[in-house]
Amino acid sequence: MFDKLIEFLLNIIEDIMPVFFVKQYNNGILLRMGKFVRIVKPGVVFKIPFLDKIEVVTIVTTTLSVPTQSVITKDKKQLVVKSVVKYKIADVELFMLNVYDSTDAISDITQAIIKEQISLRTFEECTDNDFDNTVTKKLRVEMKKWGIEVDRVTLTDIGQIKSLRLFNEGALIG
């Protein structure tokens with residue numbers, strides 16, 4: 001209970017303060033009564049108490065581990081693929097005003113592109129070093145719409161698997 005009270009008091013103090021400090025590795029946006037006013041850069045930012053709110057985001061390069069997925073190649077081989085995306089925020093306004101959950105967005109689109117590209121290739125083509133570059137180029141195009149600059153997509157694990165799927169349509173076990 002005390003932690004909520006402390007959080008509430010800190011929020012009030014932040015709203016009262018006419019200045020806000022943006023750290024070197026962040027950028028942000030200034031919202032006045034909920035509407036976009038301008039992009040804020042690192043340093044001291046002056047604001048109107050209670051009317052202005054500053055939302056910040058880390059803009060330095062970061063990585064996202066994309067969950068493992070099972071896909072089928074053009075030659076009907078089942079693969080399991082794990083990848084990592086290295087990216088940074090290039091356009092803070094686009095990013096903060098158009099993407100709600102960037103982690104999910106990047107992960108979902110990366111998985112979709114990998115699935116699409118693997119389904120167009122044979123197993124041997126998927127294990128080629130150039131395959132990472134193809135996925136990276138496709139993801140760059142998609143992420144640019146949201147102000148995200150993709151540096152590289154790396155397939156960390158790609159291997160052939162055999163799977164057995166059991167379907168139990170409404171049968172009770174036990």
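Residues being outside any strand (DSSP E or B) and open to solvent by less than 90 Å² (accessible area, probe 1.4 Å): count how many of those fall in the stretch 126-157.
Matching residues across the stretch 126-157 total 15.
Kindly provide the set of residues from the stretch 85-120 that are surrounded by 13 or more Cβ atoms within 10 Å (Cβ to Cβ), among the aliphatic types (A, V, I, L, M) and closer than 18 Å to VAL135 by Cβ, ordered by number.
Residues satisfying the conditions are VAL85, ALA105, ILE106, ILE109, ALA112, ILE113, ILE114, ILE118.
Looking at VAL56, VAL85, VAL80, which one is touching a helix residue (DSSP H, G or I) at 6+ places or on another chain (Cβ under 8 Å), in a strand (DSSP E or B) and within 26 Å of VAL153 (Cα to Cα)?
VAL85
So PHE50 passes all but one of these: (1) at positive phi; (2) hydrophobic (A, V, I, L, M, F, W, C); (3) in a strand (DSSP E or B). Which condition number does it fail?
Evaluating PHE50 over (1) at positive phi; (2) hydrophobic (A, V, I, L, M, F, W, C); (3) in a strand (DSSP E or B) leaves (3) as the failure.
Go through (1) of a type outside the set (Val, Ile, Thr); (2) under 12 Å from the mean Cα position of the chain (by Cα); (3) farther than 25 Å from ASN27 by Cα one by one and return the number of the condition ASP130 breaks.
Failing condition for ASP130: (2).
Contact list please: Cβ distance under 7 Å, first residue in the stretch 106-126 and closer than 15 Å to VAL141 by Cα and among the hydroxyl-bearing types (Ser, Thr, Tyr), second residue open to solvent by less than 50 Å² (accessible area, probe 1.4 Å) and assigned to a helix (DSSP H, G or I), pairs at least six apart or on different chains.
Sorted first by the residue in the stretch 106-126, then by its partner, the pairs are THR110/LEU139.
Could you tell me whether ILE29 is part of a strand (DSSP E or B), touching a residue at least 40 places away in the same chain (Cβ under 8 Å) and open to solvent by less than 90 Å² (accessible area, probe 1.4 Å)?
When the stated conditions are applied, ILE29 passes them.
Could you list, in sequence order, the residues of the stretch 32-47 that are surrounded by 12 or more Cβ atoms within 10 Å (Cβ to Cβ) and among the aliphatic types (A, V, I, L, M)?
VAL37, ILE39, VAL40, VAL45, listed by residue number.
Between LYS53, LYS82, which is more than 30 Å from LYS35 (Cα to Cα), open to solvent by 50 Å² or more (accessible area, probe 1.4 Å), among the basic types (Lys, Arg) and modelled with pLDDT of 90 or more?
Testing whether each residue is more than 30 Å from LYS35 (Cα to Cα), open to solvent by 50 Å² or more (accessible area, probe 1.4 Å), among the basic types (Lys, Arg) and modelled with pLDDT of 90 or more leaves just LYS82.
The values are calculated or read from the model by the stated rules, or taken from the named source; none is laboratory data. Please read all numbers here as calculations on a predicted model, not as lab measurements. We place every Cβ from the backbone using ideal geometry, glycine too, and count neighbours over all the protein chains shown. Heavy atoms of the whole protein, side chains included, go into the accessibility calculation; ligands, DNA and RNA do not. Shrake-Rupley method; radii C 1.70, N 1.55, O 1.52, S 1.80 Å.
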